[in-house]
Amino acid sequence: MAENANTNTSSNPQKFERETAKRVFAHEFKGAVPVEKLGNDQFEPAYVQTALGEKINRVFVVGVATEAEDVSNGEVMMRMRVADPTGVFIVYAGQYQPEARDAIMNLRVPAFVAVVGKAHTYAKGEQVYTSIRAENVNVVDEKTRDRWVKETIEITRERIKNSKASDDTKKSYEGMVETAQKAVSANSTTPPAEK
Amino acid sequence: MNSNEISEKFRNAGVTVAPDRIEKLMENYKKFSVPQNEVERTVMRTLANENGIDITALYTKTVKIGDLKSEDEWVTLMAKVVQLWDNDHEAVSQVGLIGDETGIVKITVWKKAEIPLLLEEGKSYLFKNLVTNKYLDRIQVAATPNTEIEEIKEDIQAKGKEVTLSGAIVDVINGSGLIKRCPECKRALVKGACGNHGKVEGIYDLRLKAVLDDGKAAYSILAQAEIVTKLTGITVDKAKEMATEALDQSVVNVEIVKKVIGRYFTFKCAPIDTNYLVKEIIEVI
């Protein structure tokens, strides 16, 4: 037990809190916009904000990888599409995410994958594109995906309830949650189609 | 502090001193323009000596562990010994954790404190006049020569011995997998050397340091070999084999990462500082 005391003392003496990995459906994530930094702290994390008002730095998503390709252009970069019941996440991993990059490289699509990463945005003209810069990517199974969808439904419902967004916006996201709900209910009654 | 407040302090320590008398003593110092806090201190010391009580008894406050905030304070606690650690510092008599219903705090009993009794795990005590200090922003308490410890009959309930955490593992932290520990103090070796004992022949062990995240909060969890084996099917022997075969210790970590990242777990954990030690696996999805 003395060992635990020792490992604790080596923890960061500054108050550093790890960003929670938010659960968010692809459809909500897609519409997120960057939050401007306050600029008084060089280590200030970058956030995006969704239409329901959720501020996101790190995300955790589980879905089906439908496409994984090498998009290296001067620098090494892998791109992957991950589908959930509401839409698609675009996931990138480059030279600074070697583990995630290797995991995507070794992936055989389609496959259930879990992705932990940072939310990124890229603006081109009027259009803002959101993506995930992966920190960890791993192959999981259908049960994990279903659990993620159920959890994300719950969290999103709560988010809608507490959101200051307009009633129209809330309604459209309620529709999104219903779509997700149908997808998991369908899964639990029918056996998996493939194999 | 005025004479009434000082009188109050003495009353708490079981001694009655009339405010008039305190007033008079304080008056004596007025013409010397001595700073007020020095006057208070001197007066209190004089009165404490007169009444044969220890001055620290006047400063101590009976508090709950959850209320401990500032360092260098005298405090009196009623708490249960939650855990005692191995101790090989010669200046320290005992070291471990004590807890009450509001929290748990690390306690160091110095040899110099000459406490006549030895603390035992699971027993409750009245700790009179402990002194607080801070290490890396964390409050600890220590028994010094002014401290008295007596066992009490009451069974104090220590807070939060075990909590259930549920979520997905989103990260595996460095220092997981196959590691070597110092044979003397069990600390993990860094580059083959122990922080206390230098270069030693390490003993192999398996552990997992990870982040469990439920979408609302991220928890640092710690799992020892037995739990790691249950989660991944890898035993210490198997891990050694894997490392020998690959000529690389990190293959074990890679395998653990594949087994746990992105998956959901429910654990029963014991909180230790800011970490959670996994005691039991309740569910794996």
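Summary table
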quantity: For residues of B:211-218, the mean tally of beta carbons on other chains within 10 Å; calculated: 6
quantity: Gain on full stretching of the segment that runs from A:Ala123 to A:Ser72 - 0.36 nm per residue minus C-alpha separation; calculated: 16.4 nm
quantity: Helix-derived mean residue ellipticity, 222 nm - over chain B, DSSP H n ≥ 4, -39500 (n - 2.57), to 500; calculated: -7500 deg cm²/dmol
quantity: Cα centroid separation, the range B:230-285 to the range A:26-92 (Å); calculated: 28
quantity: Interchain or long-range residues, amide H under 5 Å from B:Tyr276's placed H; calculated: B:Ser220, B:Ile221, B:Leu222
quantity: Residue-averaged 222 nm ellipticity for chain A, from DSSP H runs of 4+ at -39500 (n - 2.57), nearest 500; calculated: -10500 deg cm²/dmol
quantity: Per residue accessible area in Å² of the range A:54-110, where ligands, DNA and RNA are left out and the probe is 1.4 Å; calculated: 48
quantity: Computed over the range A:95-195: relative contact order in percent, which uses C-alpha pairs under 8 Å that are six or more apart; calculated: 22
quantity: Candidates A:Gly63, A:Gly125, A:Gly53: whichever shows maximal mean-square fluctuation once chain A is modelled as a Gaussian network with Cα springs under 10 Å; calculated: A:Gly125
quantity: Calculated Rg and Dmax of the range B:1-103 using C-alpha coordinates, Å; calculated: 18.2, 56
quantity: Cut-off 18 Å (backbone N to label point 7 Å along Cα→Cβ of A:Lys55), residues of the range B:213-252; calculated: B:215-218
quantity: Test item: A:53-60 mean partner chain Cβ contacts at 10 Å; calculated: 2
quantity: Qualifying aspartates and glutamates (Cα of each under 14 Å from Cα of B:Lys259; at least 8 residues distant if same chain); calculated: A:Asp141, B:Asp171
quantity: Burial ranking of peptide ranges A:162-174, B:223-235 (average Cβ count within 10 Å, highest at the top); calculated: B:223-235, A:162-174
quantity: Largest-first ellipsoid semi-axes for the range B:163-284, taking √(5λ) over the Cα gyration tensor eigenvalues, angstrom; calculated: 25, 17, 12
quantity: Separation in nanometres of the label points that stand 7 Å from Cα toward Cβ, at B:Glu90 and B:Lys134; calculated: 3.3
quantity: Calculated FRET efficiency for the pair A:Ala46/B:Val190, C-beta based, R₀ 35 Å, to 0.05; calculated: 0.60
quantity: Label-reachable residues, the range B:1-34, where backbone N falls under 12 Å from a point 7 Å from B:Thr42's Cα toward its Cβ; calculated: B:25-34
quantity: Additional length obtainable on full extension of the chain from B:Ile53 to B:Lys199, 0.36 nm per residue less Cα span; calculated: 47.5 nm
quantity: Carbon plus sulfur fraction of accessible area for the range B:163-284, probe 1.4 Å, in percent; calculated: 49
quantity: Within a Gaussian network of chain B (alpha carbon springs, distance under 10 Å), most fluctuating of B:Leu117, B:Leu84, B:Leu126; calculated: B:Leu117
quantity: Mean separation of Cα contacts under 8 Å, 6 or more apart, over the residue count of the range B:145-285: relative contact order %; calculated: 27
quantity: Summed buried accessible surface, chains A and B, 1.4 Å probe, nearest 100 Å²; calculated: 2900
quantity: Relative contact order, percent, chain A [alpha-carbon distance under 8 Å, six or more residues apart]; calculated: 20
quantity: Chain B, accessible area per residue, ligands and nucleic acids excluded (1.4 Å, Å²); calculated: 54
quantity: Given B:Lys106/B:Lys209; B:Lys106/B:Lys134; A:Lys30/A:Lys124, the pairs whose alpha carbons are separated by over 18 Å; calculated: B:Lys106/B:Lys209
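The values are calculated or read from the model by the stated rules, or taken from the named source; none is laboratory data. Since the structure is predicted, the reported quantities are computational estimates derived from the model, not experimental observations. For neighbour counting, all protein chains shown are included, and Cβ atoms are generated from backbone atoms with ideal geometry for every residue, glycine included. To get the accessible areas, we keep the full protein, side chains included, count just its heavy atoms, and leave off ligands, DNA and RNA. Shrake-Rupley method; radii C 1.70, N 1.55, O 1.52, S 1.80 Å.
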